[in-house]
Amino acid sequence: MVQSFAFDHATLLATFQTDGDPRFLWGLNRSTRGLFYLEENQAAEHRDHVVANVTCPVPGCDAQLTTVHSTIKRDHLRHRSSSGGHGPESLFHSQGCALIESWLARRYPACLVKREEYTSAEGESRADVLITHPSGERIAFEVQYSPLTADAWNDRHERYSARGVRDVWLFGHTRKQLKLDGADRLKSNPALDAVVASGAPLLFINPELEQIAVVVEQRHPISATSGQPLLEHPVDVLGRGTGSSLEVHPLDDFRLGASTLTSDRVDWLISARISLDDYNAEQQRLYAIAREQAAERARILQSEADERERLGRAERAAQEERAKRRRVLMADGIRRALDSSEPWGTEHPAVRLLHPYLNGHRDRNLGWEDYVPERWKCLAFFHHVAANEDTRFGPPQVASTLRRHGVRLEKGIFKVIALWLRQLVEDDFLFEERGEDGHSVYRPTYRGTWW
Ligand SMILES: [Zn+2]
């Protein structure tokens, strides 16, 4: 059912679209008003008959015709009197109408086929060719070579519709209607766009070659996976104006169908467009669902990650809390041991506890000498720094603690204490702040408090 593509549309199109030099092949029998067609190489044989009986078919002309034999061009007709001719568009138009009339009469012998211009002088509202089925159903054919506005086309289309007549528009193959860009793509015009908007296929006629050109567009199926068109899988669908390419087919491939003039290829292109639109709508729907599901999965993964992160933080906080409690107990033990009356030295309980407390941690400037720290520094450190977060103190508080524990304070002890505290500040165990009386006060850092 699909046209064979063994033939080359580009080559066919190059001969399809021409300008000027119409071949005059169809005339009108003066008495019967029937069509006369001059076959190739029949100029001599039919000259007498033509001169006697055949007139020009251009409406309103009626001039007597004769035949012309040519070895270069095909045999053809011309006005017998050399004066008076017709512009190419009106001659193409009359030849196109004659071809359609003759083709319809041959193809549908049970139907009545007539050119309305021959029977009516009213012109405009009459069809170029009207075919009437025995059932009374009518289809009007318009062969349109001259320019036409969109309003004029809509007006005539609606008038046919109001009379119950379906209309088929065959646009001329010359540049007045059929304009192509450098890539042989159609450049539409408002009248052509109006035809497309009505849903009818855009058709062009070349009466000499007895061919019809159909506009075709390449569209692409959409991937439900990516939401993007699959460019490697183009599908031919019925074209919709500018940018469409053209396919040239013999008039004999066409027939009257549900949508007026059609062919297997046109039917295929119409259904391809509908199927592809349906298919793409479905693919886009599936793509939207897949994207929604992916977003939902991402939300779930994120909330699971958030939960793991929260649990991890809670676990780390709990570990830290346990470690702090251990350090508090160790510091309490050392503080109590410092009150022991044992002689100060390596065997003193506080000194023995100090080693596990400092194990792996930095020294606290406790003044070690032969593995024995200075007692006053230990008292000061464990009463004011270790496990003493957020307490503020200065040399007077330290001196008071030392005095309470029986340390004999020598002259200048405040300066010694202040120097030691400054050292702890430099080692990041203490913050130094300015107190209300202008003297320095100290507060343990996190490291000083715990580690
Ligand atoms: Zn004429």
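Being in contact with a Pro (Cβ under 9 Å, 6 or more places away or on another chain) and closer than 20 Å to Gln423 by Cβ narrows it down to one of Ala337, Ala380, Ala386, so name that one.
It is Ala386.
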When Tyr160 is run through (1) of a type in the set (Phe, Trp, Tyr); (2) out of contact with any Asp or Glu (no Cβ under 9 Å at 6 or more places or on another chain); (3) modelled with pLDDT under 95, the failure sits at (2)
Filtering helices (runs of 4 or more DSSP H) wholly in the range 1-120 for at least 1 residues that are modelled with pLDDT under 90 and over 27 Å from Leu269 (Cβ atoms) gives 88-107, 116-119
Has the range 31-50 got any residue that is away from the ligand (no atom under 15 Å from the Cβ), among the aromatic types (Phe, Trp, Tyr), surrounded by fewer than 21 Cβ atoms within 10 Å (Cβ to Cβ) and farther than 21 Å from Gly172 by Cα? no
Going by the conditions given, is Arg255 closer than 25 Å to Ile139 by Cα and at pLDDT 95 or above? yes
The range 349-423: helices (runs of 4 or more DSSP H) wholly inside it with 3 or more residues that are not assigned by TED's automatic domain parsing to the domain that holds Glu436 are none
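How many of the residues in the range 323-351 are under 60 Å from the mean Cα position of the chain (by Cα) and either surrounded by 15 or more Cβ atoms within 10 Å (Cβ to Cβ) or under 14 Å from Phe381 (Cα atoms) (or both)?
Summing the residues that are under 60 Å from the mean Cα position of the chain (by Cα) and either surrounded by 15 or more Cβ atoms within 10 Å (Cβ to Cβ) or under 14 Å from Phe381 (Cα atoms) (or both) in the range 323-351 gives 1.
With the condition being of a type in the set (A, V, I, L, M) and within 27 Å of the chain's Cα centre (by Cα), I'd like the strands (runs of 3 or more DSSP E) fully within the range 191-258 carrying at least 2 qualifying residues.
Once the strands (runs of 3 or more DSSP E) in the range 191-258 are filtered for at least 2 residues that are of a type in the set (A, V, I, L, M) and within 27 Å of the chain's Cα centre (by Cα), what remains is 211-219, 235-238.
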Taking the range 52-97 and keeping residues exposed (fewer than 15 other Cβ atoms within 10 Å of the Cβ), under 56 Å from the mean Cα position of the chain (by Cα) and within 13 Å of the ligand (Cβ to nearest atom) leaves Gly60, Gly87
ask   = Is at least one residue of the range 221-231 surrounded by 20 or more Cβ atoms within 10 Å (Cβ to Cβ) and either in contact with a Gly (Cβ under 6 Å, 6 or more places away or on another chain) or touching a residue at least 24 places away in the same chain (Cβ under 8 Å) (or both)?
value = yes
Of the residues in the range 140-156 that are under 36 Å from the mean Cα position of the chain (by Cα) and in contact (Cβ under 8 Å) with a residue 40 or more places away in the chain, the one that is surrounded by the most Cβ atoms within 10 Å (Cβ to Cβ) is Trp153
| request: Say whether the condition of being on the phi < 0 side of the Ramachandran plot, in the same structural domain as Arg106 (by TED's automatic domain parsing), of a type in the set (Gly, Ala, Ser) and surrounded by 18 or more Cβ atoms within 10 Å (Cβ to Cβ) is met by at least one residue in the range 285-297. | output: no
Picked from the range 398-451 (must be surrounded by 14 or more Cβ atoms within 10 Å (Cβ to Cβ), among the polar types (S, T, N, Q) and out of contact with any Gly (no Cβ under 8 Å at 6 or more places or on another chain)), the residue modelled with the lowest pLDDT is Thr449
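The values are calculated or read from the model by the stated rules, or taken from the named source; none is laboratory data. Since we're looking at a predicted model, the values are computed, not measured. In this analysis, Cβ positions are derived from the backbone assuming ideal geometry, glycine residues included, and neighbour counts consider all displayed protein chains.
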